[in-house]
Amino acid sequence: MASSISGPVPLPQSRYDLSSYWGRVKHCAQISDPTMLLNTPKDIENSKRQIWDYKNGVVPSMTPELWRAKKVLDSTLHPDTGETVFLPFRMSSCVLSNLVVTAGMLTPNLGTVGTLFWQIANQSLNVAINTANSNKSHPLTTKQIVTNYTMAVTASCGVALGLNSLVPRLKNIKPNTRMILGRLVPFAAVVSAGIANVFLMRSEELKKGISVYDKKGNEVGNSKTAAWYAVGETAASRVINATPIMVIPPLILVRLQKSRLLKGKSKTVETLTNIGLIFVTSLIVLPFALAVFPQRETISTSKLEDKFHHLTTKDGDKITEVEFNRGI
């Protein structure tokens, strides 16, 4: 993010009011904007220079060009390290990166092999996104990543295969209801494994705590309580994001398959319709899901460990609130 650029002049967090949900929705729509993937390394370096000029007093006020530069950096750089996030794992690539995997999981009548393949593919992508965008206070070792990845894949495949075998045995419900429940199996698998994935991949943060900062950006300590807030809210946001994407398209597809629009049409037309439904739903939903919790979270020191209750600034003023990077 642009905040990772050094300089004594504080940079506005956003051109929108991040204390309001609607302001965060508009801000998240910017950082998840797929057109940001078109920026070249030169564009990113130019944006860094423009933001550096502002943060070091060369440019006195924010201009449309500076807001554009901030948008480029917010959608490209990691907020803790300032490093460029690998392109497929940036939030601006989230819709496109997830499109094929989600379409695969929501394909009707996959069978055991297909279910396993797409659940593994989904968890692999989740692990990559979690690792690339998580709070970097305590990065995981390769061994920890592999172990946690294996556990997340096992959870998702276990839930998916278990429900796939259970749903056909439900004899006391109507065939149409049984079909709908079968279409929603991937949702249950993704939600349960998604929560496990976030907690597993960020387990070191929960054990050791994450860095918290005062209003001027100075680190004031490590907090395990803040880590639980950060990881818990991230897991919740994944559920909020997955729910409409994994529920709305399959239910609409069931309706369309019974209508003249898709009835009797080829498998190719059905697949393309499914992908289109997922793409449109994802584009609309992602900013609303990301905005539920602020990425740069502010929390009262009274809610943290005792060591934060009596913090003061260099000037002797009591610190009543601190900030931390929630991660995405």
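Figures for the structure shown
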quantity	calculated
Computed over region 182-278, Kirkwood Rh from alpha-carbon pairs, angstrom	16.3 Å
Overall Cα dimensions of region 1-143 - principal axes, largest extent first, Å	61, 35, 31
Whole-angstrom Cα spans of region 91-325 along principal axes, big to small	75, 33, 33
Estimated dipole of region 91-325 in Debye, rounded to 20 [Cβ of Lys and Arg +1, of Asp and Glu -1, Cα centre]	1280 debye
Cα coordinate range in region 232-320, projected on the principal axes (Å, largest first)	74, 19, 15
Nearby lysines by direct alpha-carbon distance to K307 (threshold 20 angstrom, same-chain neighbours under 8 apart not counted)	K207, K208, K215, K216, K224, K318
Förster-model FRET efficiency, 35 Å R0, S124 and V292, C-beta, rounded to 0.05	0.85
Highest-fluctuation residue, P34, P12, P175 considered, GNM on the chain with Cα pairs under 10 Å	P175
Rounded accessible area of V220 (nearest 10 Å², 1.4 Å probe)	40 Å²
Over region 2-75: Rg over Rh, Cα atoms, Kirkwood Rh	0.97
Loop sites in region 41-91: trypsin sites (Lys or Arg not before Pro), DSSP, at most 12 other Cβ within 10 Å	none
Helix runs (DSSP H) in the chain reaching 20 Å along axis by Cα, Kyte-Doolittle at least 1.0	185-201, 267-290
Euclidean distance of C-alpha centroids, region 76-153 and region 242-295, integer Å	20 Å
Sequence-distant aspartates and glutamates (8 or more away, or on other chains) whose Cα lies within less than 19 Å of K143	E204, E205
Most mobile listed residue (D53, D80, D317) in the chain, GNM with C-alpha springs under 10 Å	D317
Convex hull per residue volume in Å³, alpha carbons only, for region 142-224	133 Å³
Candidate lysines - alpha carbon under 18 Å from K48, same-chain residues fewer than 8 apart omitted	K70, K71
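The values are calculated or read from the model by the stated rules, or taken from the named source; none is laboratory data. Everything quoted here is computed from the prediction, not taken from an experiment. Using ideal geometry, Cβ is built from the backbone for each residue, glycine included, and neighbour counts are taken over all protein chains shown. Surface accessibility is based on the protein's heavy atoms, side chains included, excluding ligands, DNA and RNA. Shrake-Rupley method; radii C 1.70, N 1.55, O 1.52, S 1.80 Å.
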